[in-house]
Amino acid sequence: MTSTIRSSTSYRVRRQAATTRWVVRGLGLIGLALLVWRVVTVGLAESYPLSFWISQALNGLVLGGVYALVALGYTLVYGILLMINFAHGEVMMIGAFTGVFALQFFTALGWMSGPTTMVVLALLLIAAAGMLGSIVTGVTLERVAYRPLRGAPRLVPLISAIGASLFLQYSVLLVFGVSPRTYTRPPLLEGGFRVGDVFVPYTGVIIFVLSLLLMLALYLIVQRTKLGKAMRAVAEDKGTAALMGIDVDRVIVFTFILSAALAGAAGVMLGFHNTVVKFNSGFVPGLKAFTAAVLGGIGNIPGAMVGALLLGLIEAIGPSALGIPTEYKDIIAFSVLVIVLIFRPSGLLGEVVSEKKA
Amino acid sequence: MRNSRHFVLLVVLLLGLLAGCTAPAPATTEQQAPAAAPAAAQPAAAQPAGNQVVIAPGQPIRIGGSFALTGPIPDPGKDIRQAAEIAIDELNAAGGVEGFLFELVAEDGACSGDQGTVVGNKFAADPTIVAVTGGTCSGETIGLKPILLKARIPFVSPSATNPDVVSADCDVCNRVALSDALQGEVDADFVFNTLGLKKVAAMHDNSDYGKGLAEIFQNAFTKLGGEVSSFEGVQVGDTDFRAALAKIGANQPELVYFGGYSTEAALIAQQMRESAGLENAKFMSVDGAYTQQYLQAAGAAAEGTYMSFVAGDAQAEKLAAFTEAYVAKFGVEPSQLGPFHGQSHDSVIVIADAIKRTAQVDSAGNLVIDREALIKAIRATAGLEGITGTLTCDAMGECGAGGVQIFIVENGEFKQIAGFGLE
């Protein structure tokens, strides 16, 4: 008797869940159809030249490259610790600050106005300084804010991360003040070149190429080195990895070093691209990169790259394609996130989250 | 172990509470009935009532200040605050009012409407605040406005230029800065007639100030017969404007006009050079961007860009004396930080002058300032000699003197090419 009741209830629940799913999917499809319709009508009405779309796409790719470097940090840490490091944007901001100080140092030394090789060397050292600044911050964060909470419920390190984010922002505000710092570009990075009607800034090209190279390097480290293998093992199962003789703490620190280095590089490159950095300039890019990581499937390395490039493109092209003012670009970016998650809750390239992780 | 942790937590919490208790409570020396209807001032015997501030001997006359110390324009905000301090020093050196000295209660209005509201509530809740100088930004001041109006505390803003900062229904609202209604029109006239450009794009930062000014410019420019090919908004704090600029560039305007503050203005000037269709377009921005910080941040891209400013009718001698005192106290030239120091100084002296005309010493030796009388006295300001000229407040609360000046950047410096004071 009881068993029949239970089975009939669960049947009803299952049927309701199925109905809800179809309603949600139906609404999503209708939304998508409206979107496509809007894009087509606006595209016909506005008649922008092709070069316009190409330059918007280039802007998007550059933006996406930066997002990707930061998003990888979220994804790496999530893959291993199953926590969102909400202070990651601030790790990037501190890298950018270290970079601007290194830049001032080399400018004072006269390197920035020297011969080309000197300038290139200085730029590389500035990038290295930025990455180092981020690495120190990232490792300290892990040691102080996350490691003591490793056994705690999942929400606890999350709160700690948000606290760390605010702590870092306002410490920088306190120490360096509220005025933005300027990245003064050397003449080498100033300007760009033209392809037909499309203008390509040098910094944009450098950012895109360098972020691709860094992503390749990361891929090789994770897939081809022993430490990378250890990282993958820890991501799979911490306990078993420890039993196999892997020093889990060391692997986690290494993960933080990798993700912070990428963020530091992103911070310095974004600094040279957009020329200013201030105490809160890591917050919004951090949020966007997190979105990109979720869009691509959090915990999945190629997913973070794809998600970030896609998000950058959507942000750059979206407003013109939909015929709405560019100030609403964030609405489009986050709407896309919602739509994608309705259809693929685990993100574009995300695997179905296993019982253990969920 | 568990218990000791709880104990530590408890101790920390208790310490926090203690710290909260020992935090300086406002050193009030008098009481007042803030809930009482201000119009029905019924002075009871020995008890101050209605909208009066009673200051005991030895206590200061407290003037609130809302300054944009954080937010998008921290340097100009700091300049305005320091200029107000210099004005207070001057007034005190001259003996204050009946032997009572002034004190500036500086708060951070952060150039935002939200924070303006917070500061406004703080001042409204403090019965010792006589009047307020500020806010720095228009949005911030529009946040302050309804609260101070309800609390019957008069304010004089040194730098909030949006037309809505003062209005016919607000008798506590005053400003020394000139209205953007003027600036936007002069700018449009300059671009259309002097530069001879017929097709421009207007941009703004979605602040009350920037958007308001861009709209005024757009209307004035269209009225003159010009074409505004795009009207695009960005966000304060954004650093990448390439998407918006690409959109604007598709229409090939001859000039981009930006209503906003220096950081965004500098970035737009820079990124315009990297946007198709805008490589040769001119750039013009407004008083919020008229700072050294703009020149520094934009670097080479600043060359040849235009800037307008709501200038006072600068009194060279007074300005020199003020600058000397300012440099002596703060070790920096005021113009290095921002453009509105003269207006800030003058906002304070407008308030002080009105206090001098209304304050009375009662039988107990207390200084009694009736805020209702003060509100009227500020509006009655006439012929007051300030750094920015002869100040006379009109019925709307516009007290400023001077006019709109237009500058071009040459060799990393602003050079005036048109407008007020240039014959």
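Derivation of every value follows stated rules applied to the coordinates shown; laboratory data play no part. Everything quoted here is computed from the prediction, not taken from an experiment. No Cβ is skipped: glycine too gets one built from the backbone with ideal geometry, and neighbour counts run over all protein chains shown.
Things to note:
- Computed from point charges on the beta carbon alone (+1 for Lys and Arg, -1 for Asp and Glu), the dipole magnitude for chain A about its Cα centre is near 1160 Debye.
- Placing unit charges on the Cβ atoms only, positive for Lys and Arg and negative for Asp and Glu, gives chain B a dipole magnitude near 1040 debye about its Cα centre.
- The H on the amide N of B:PHE283, modeled in the peptide plane, is under 5 Å from the matching H of B:VAL256, B:TYR306, each at least 5 residues off or on a different chain.
- The listed peptides B:168-180, B:125-137, ordered by packing as a protection proxy, come out as B:125-137, B:168-180 (highest mean of other Cβ atoms within 10 Å first).
- Highest to lowest packing among B:262-274, B:319-331, scored as the average C-beta count within 10 Å: B:262-274, B:319-331
- Per-residue mean of foreign Cβ neighbours for B:243-252 is 6 (Cβ atoms of other chains, 10 Å radius).
- Principal semi-axes in Å for the protein assembly as shown [√(5λ), Cα gyration tensor, largest first]: 50, 35, 27
- Segment B:62-128 versus segment A:81-151: alpha-carbon centroid distance in Å: 38
- Residue (of A:GLY204, A:ILE324, A:LEU34) at the positive-pole extreme of chain A, dipole from beta-carbon charges: A:LEU34
- The charge dipole of the protein assembly as shown, taken about its Cα centre with unit charges on the Cβ of Lys, Arg, Asp and Glu (plus for the first two, minus for the last two), comes to roughly 4500 debye.
- Whether chain B is rounded, prolate or oblate, judged on the alpha carbon gyration tensor where a/c under 1.5 counts as rounded: prolate
- Long-range HN-HN contacts of B:PHE420 with modeled amide H, under 5 Å: B:VAL404, B:GLN405, B:ILE406
- Average beta carbon contacts from partner chains per residue of B:233-241, 10 Å cutoff: 6
- Only one residue of B:ASN280, B:ILE355, B:GLY331 has its Cα farthest out toward the positive end of the dipole of segment B:258-382, where Lys and Arg carry +1 and Asp and Glu -1 on Cβ, and that residue is B:ILE355.
- Modelled FRET efficiency - R0 35 Å, A:PHE334 with A:VAL120, Cβ distances, 0.05 increments: 0.35
- Expected-Rg normalisation [2.2 N^0.38 Å, Cα atoms] applied to segment A:259-358: 1.17
- Beyond 19 Å in Cα-Cα separation lie the following of the pairs B:LYS318/B:LYS376; B:LYS356/B:LYS376; A:LYS278/A:LYS329: B:LYS318/B:LYS376; A:LYS278/A:LYS329.
- Segment B:272-350: C-alpha gyration tensor shape, a/c 1.5 cut-off, then a/b vs b/c: prolate
- Listed residue (B:ALA289, A:PHE193, A:TRP22) projecting farthest to the positive dipole end of the protein assembly as shown, Cβ model: A:TRP22
- Three-way shape label, segment A:64-293, alpha-carbon gyration tensor, a/c 1.5: prolate
- In chain A, helical runs assigned H by DSSP with n ≥ 4 each contribute -39500 (n - 2.57); averaged across all residues and rounded to the nearest 500, the mean residue ellipticity at 222 nm is -26000 deg cm²/dmol.
- Whole-number percent relative contact order across chain A, with pairs defined as alpha carbons under 8 Å at least 6 apart: 32
- With Rh defined as the Kirkwood radius, the inverse of the mean 1/r over Cα pairs, the Rg/Rh of segment A:86-145 is 1.11.
- Taking other C-beta atoms within 10 Å as the exposure proxy, A:SER179, B:SER308, A:SER171 rank A:SER171, A:SER179, B:SER308 from fewest upward.
- Packing order of peptides B:364-373, B:156-165, highest average first: B:156-165, B:364-373 (average count of other Cβ atoms within 10 Å over each peptide's residues).
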